[in-house]
1. Looking at segment 61-87 only, could you name the residues that are touching a helix residue (DSSP H, G or I) at 6+ places or on another chain (Cβ under 9 Å), of a type in the set (A, V, I, L, M) and under 23 Å from Ala164 (Cα atoms)?
2. What is the residue count in segment 86-115 for residues that are within 17 Å of Val68 (Cβ to Cβ) and either exposed (fewer than 14 other Cβ atoms within 10 Å of the Cβ) or not polar (S, T, N, Q) (or both)?
3. Select from segment 136-159 the residues that are surrounded by 18 or more Cβ atoms within 10 Å (Cβ to Cβ) and touching a Leu at 6+ places or on another chain (Cβ under 7 Å) and list them in ascending order.
4. Looking for whichever is touching a Phe, Trp or Tyr at 6+ places or on another chain (Cβ under 9 Å) and more than 19 Å from Leu39 (Cβ to Cβ) here; the options are Asn106, Asn110. Which one fits?
5. Quickly run through segment 106-126 and pick out the residues that are at pLDDT 90 or above and over 18 Å from Leu154 (Cα atoms).
6. Out of Glu155, Glu176, report the one residue that is out of contact with any helix residue (DSSP H, G or I) (no Cβ under 6 Å at 6 or more places or on another chain), in contact (Cβ under 8 Å) with a residue 24 or more places away in the chain, closer than 28 Å to Ser37 by Cβ and of a type in the set (D, E, K, R).
7. Given (1) surrounded by 16 or more Cβ atoms within 10 Å (Cβ to Cβ); (2) touching a Cys at 6+ places or on another chain (Cβ under 9 Å); (3) of a type outside the set (Val, Ile, Thr); (4) more than 16 Å from Tyr87 (Cα to Cα), where does Gly130 come up short, assuming only one miss?
8. Within segment 58-65, can one find any residue that is modelled with pLDDT of 90 or more and under 17 Å from the mean Cα position of the chain (by Cα)?
Amino acid sequence: MLPHLRASDTDTITTTISHTFAEYNTVITIYIIGPVSLLFLFRVNRTLRDNKLSQHTRKLVLILLLSVQYTTLVVVRYDTIRGWTHYLFTSLTFLFLLMYHGIVSNTRANYYVDTSKPIFACSSVVLMFGFGGLVFFFHDLKNNFAVWTLCCFLEIAALLCLGALDIFDIYLLGLEMET
């Protein structure tokens with residue numbers, strides 16, 4: 001522990017995203033519904049515009065995207081849905097989004113995006129496995145400040161890498177709209 005901090009101070013210095021959901025659930029739910037809904041519409045549009053997908057695959061991806069909406073809202077409800085159920089739905093959300101990004105292709109070829117997306121996807125998986133490993137192996141995370149901080153960093157970095165995949169797609173949409 002840092003010498004200038006008391007034990008009670010370290011309880012609130014860092015927090016996982018889920019613990020933030022638990023503490024500020026009403027506000028987070030209000031703030032997250034808009035962006036999650038916009039991302040859903042963007043992903044649906046991108047899926048429907050992918051000419052490389054068969055009709056059957058498009059339908060499966062749309063069901064996958066509906067599942068992402070559902071699992072995301074379960075994850076956000078960490079104030080009441082905890083334990084293995086929370087971990088299961090977090091894993092499903094993460095897995096479904098990776099599947100979506102793996103199935104739906106870019107409408108436009110771009111060397112930097114085509115190179116970066118697999119790197120960010122793999123980084124996200126590695127970081128999330130690191131996070132999951134810490135949660136699984138250290139049962140008393142909150143009492144170990146260094147491990148707790150690392151756990152929080154890994155979770156946030158994993159989600160930022162996963163979110164970057166959508167940012168790349170939005171960038172390509174912007175390029176497409178320019179021409």
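The values are calculated or read from the model by the stated rules, or taken from the named source; none is laboratory data. Nothing here was measured: the structure is a model prediction, and the numbers come from that model. Cβ atoms come from the backbone with ideal geometry, glycine included; neighbour counts cover every protein chain shown.
1. Answer for segment 61-87, where residues must be touching a helix residue (DSSP H, G or I) at 6+ places or on another chain (Cβ under 9 Å), of a type in the set (A, V, I, L, M) and under 23 Å from Ala164 (Cα atoms): Val61, Leu62, Leu64, Leu65, Leu66, Val68, Leu73, Val74, Val75, Val76.
2. Matching residues across segment 86-115 total 16.
3. Trp148, Cys151, Leu154, Ala158
4. Asn110
5. Matches in segment 106-126: Asn110, Tyr111, Tyr112, Val113, Asp114, Thr115, Ser116, Lys117, Pro118.
6. Glu176
7. (4)
8. Checked segment 58-65: at least one residue is modelled with pLDDT of 90 or more and under 17 Å from the mean Cα position of the chain (by Cα).
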